[in-house]
Every structure is written in C-alpha cells, then in structure tokens.
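Colleague: I have a structure here, written as structure tokens, and I will follow up with some questions on it.
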Amino acid sequence: MQLFRRIDFLGCFLLAGWVGAALIAVSLKTNSTASDGYDWSDPIIIALFATSGVLLVVFLLVELKWAAEPVMPFELLNRRTAVSVAINNFSISMAQFALVSSDLYWIWLTIQIYTIPLFFTVVRQMSSSQAGAHLIPNSIAGMVGSLGCGFVVRHTKKYYWLNFWSGFFGVVGAILIATWNRNSSEWMLWTNLSFTSFAMGSVTTLTIVALIADVGHEHVAIATSLSYVFRTIGQVLGVALSGALAQAILQKELSARISGPDADETIAAIRESSASIRYLPEPLKSIAIASYQKALHAVFLCAVILSVVYLLAGLGIREIDMHKAMIKPTNGEQEEEEDIVGEVSETP
C-alpha cells in the first residue's frame, strides 16, 4: 500500500484532463464541416477550453502543494539543464509525432493517421503496404540512434556535442521532408525520415543522461518523470495539433477549389476518407491531392520550426564530468564502475 501512496494518481488524471479537454475542443472545431456548425464561439468549445483551464490550475496546485512525489517535479525547473531538457523533449516529441508515428519503443505505428503516411497514400498515391515499407528505415534509424549514442557515451563519458549533432541531423531531415512534393524522388522518400528518427532516438537518450548527471543518482526517478511528462505532452499535442492544422488548411483549400450544389458533401467525403480520392473523377482527384499536399506541407514547416527549437534548447544543457558522476563504493569495497548510461538504457 505504501508503494501506491507514492504514485501521483491525481496528478496523472488532472494532466490527462486538462490536455484532453483542450484537444477535444480543437478537434471539434477543426474536424467540423459546414453542416456541423462548430465555431470558436460555440458554447461547447468555450466550455471545453474553460474546463481545461480550471483543470490546469488544479493540476499545478496539486503538483506544487500536495503530491508527495509529483508527476511534474517543479523543483527541478530552477536548474538550467532541467529546463533545457524539458523544452527539448517537448519540442522533439511534438515534431516527430507531427510527422509520423513510427518509433518501435512507443509503438507509434498504431497511430499513423496524418502527415507522412497521409502524404504517401494521398499525395503519392501509394498503397498502405507501400507506405508502411517506406517507414521501415525510419524505425531502424531510431533504434540505431538510441543504442549507438548510448555506447558512445559509455566509452567517451561525453554527451553535449553528441546531442547537438544528433539534433542537427533532425533539423536537416525536417528541412528535407518540407521539400517533398508529388515529384520528389523515391530515394528521398526512403531516406529523409530516417534523419528525424535517428535524432529522436539519440536526443531523447542523451538528454535524460544529461539530466540525471546534472541532478545526481539520488534523483533519478524525479529526473525521469520530468523528461517523460514533457515528452508525453509533446507526443499527444504533436499528433492532435498536426491533424487539426492539416484539417483546417485542407478545409480551406477544398472550399476555395470546389464549388457547386454538392460542394459541401464532396468536401466532407474527401476529408473523411482519404482512400476515396483515388476513385474520384478528374479534375476532383487532382484538386484533392493538391489540397492535401498544401495542408501537409504546412505541418512539415511547423516540424522544421520545432526542430530548430529543440536544437537550440539542447545548447542550454550542462556537460557534467561523467567520471565524477560514477557511483563510488563505501566501506573499502572493491570499486565498481556504474555510469549513468547503464541506468538509462532507452531503446526506441
């Protein structure tokens, strides 16, 4: 029972509540059609945002005053490295989840709904199996990034510049993806996403190593909690807001390009089922593909901005002498080398 008392159940529920209420409001607005009638001033939308705000305030009070071991450890946010890691993990998770859900560790493949998979199936008119095949290098790159950086840090005891260059790879990948169009070469579609996945696997491992090295071994649980809470919020927002942005721009583009007595029904059908686009007659098919390309391109550009943010945030991390951070034996016992990387074996 004492173990259960240490778990911040109330904080977890409040965190899910305020994030969920806001995302439901955004989803209702961006996924509505002309017939649905949802607007930002709709009472339901306002009520959901108000609920989200109240739950956020209660969440902050619980975490600051009552939680014994809070899921959001605010006491760490007065440290430079902790703030840098929080911003970095939030931004990189949001950017990667906005692009594609493809990391094996978090089983992102279960929520592939927008952006990269949608680009493959709609803009490039691939089958689901072809689109899935293009994501295989992405998953491998994530694993290689995490494991490879772990081995490098174990042997070099350095992580600052490794984190920077890994993040730089992610920025390059995001920029390359932002250039995709209907005529992009196949080798770009097969390789570009691997840059961002490699960065995700590397940076998330390196930043948690940096955070634990900064706060010390006695605060491993709190440091891990800080990393994961910001990463989880970024993941949820990345999926939800990228979909919301894509749908909002898609609605605008389709409404500008399609007119006539059945325009609303046609637009609703295109938005609800991207698979139906391949069966549309011309010029509707070309209009739908061009509209999707513009909507997804906006998401890709947002991913570039987020990638730059997490790269810059990583510059705020302090490099700790990992040799001094090792656990030291007591009472004359034989010295055993146990570095921080061994405690944080994280394999996407």
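The values are calculated or read from the model by the stated rules, or taken from the named source; none is laboratory data. Just so we're clear, the structure is a prediction, and the values are computed from it rather than from any experiment. Cβ sites come from the backbone with ideal geometry, for glycine too, and all protein chains shown count toward neighbours.
Colleague: Tell me the helices (runs of 4 or more DSSP H) entirely within segment 214-319 that contain at least 1 residues that are under 15 Å from the mean Cα position of the chain (by Cα).
Modeller: Answer list for segment 214-319: 220-257, 284-314.
Colleague: Considering each residue of segment 1-46, count those that are modelled with pLDDT under 75, surrounded by fewer than 13 Cβ atoms within 10 Å (Cβ to Cβ) and outside any loop (DSSP other than H, G, I, E, B), and give that number.
Modeller: The total comes to 5.
Colleague: Also, quick follow-up: Considering only segment 171-192, state which residues are crowded, with 24+ Cβ neighbours inside 10 Å and under 26 Å from G316 (Cα atoms).
Modeller: G173, A174 - these are the residues of segment 171-192 that are crowded, with 24+ Cβ neighbours inside 10 Å and under 26 Å from G316 (Cα atoms).
Colleague: Considering V153, V171, which residue is in a helix (DSSP H, G or I) and either touching a Pro at 6+ places or on another chain (Cβ under 8 Å) or under 20 Å from L301 (Cβ atoms) (or both)?
Modeller: V171
Colleague: Condition first: of a type in the set (G, A, S) and either at positive phi or under 19 Å from the mean Cα position of the chain (by Cα) (or both). Now tell me which residues in segment 146-195 satisfy that.
Modeller: Result: S146, S166, G167, G170, G173, A174, A178, S194.
Colleague: Applying the selection to segment 303-316, what residues are within 14 Å of L241 (Cβ to Cβ) and either surrounded by fewer than 21 Cβ atoms within 10 Å (Cβ to Cβ) or among the hydroxyl-bearing types (S, T, Y) (or both)?
Modeller: I305
A quick yes/no check of all residues on (1) closer than 17 Å to Q293 by Cα; (2) not small (G, A, S):
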{"position": "G238", "(1), (2)": "no, no"}
{"position": "S242", "(1), (2)": "yes, no"}
{"position": "A246", "(1), (2)": "yes, no"}
{"position": "I249", "(1), (2)": "yes, yes"}
{"position": "S255", "(1), (2)": "yes, no"}
{"position": "I267", "(1), (2)": "yes, yes"}
{"position": "I270", "(1), (2)": "yes, yes"}
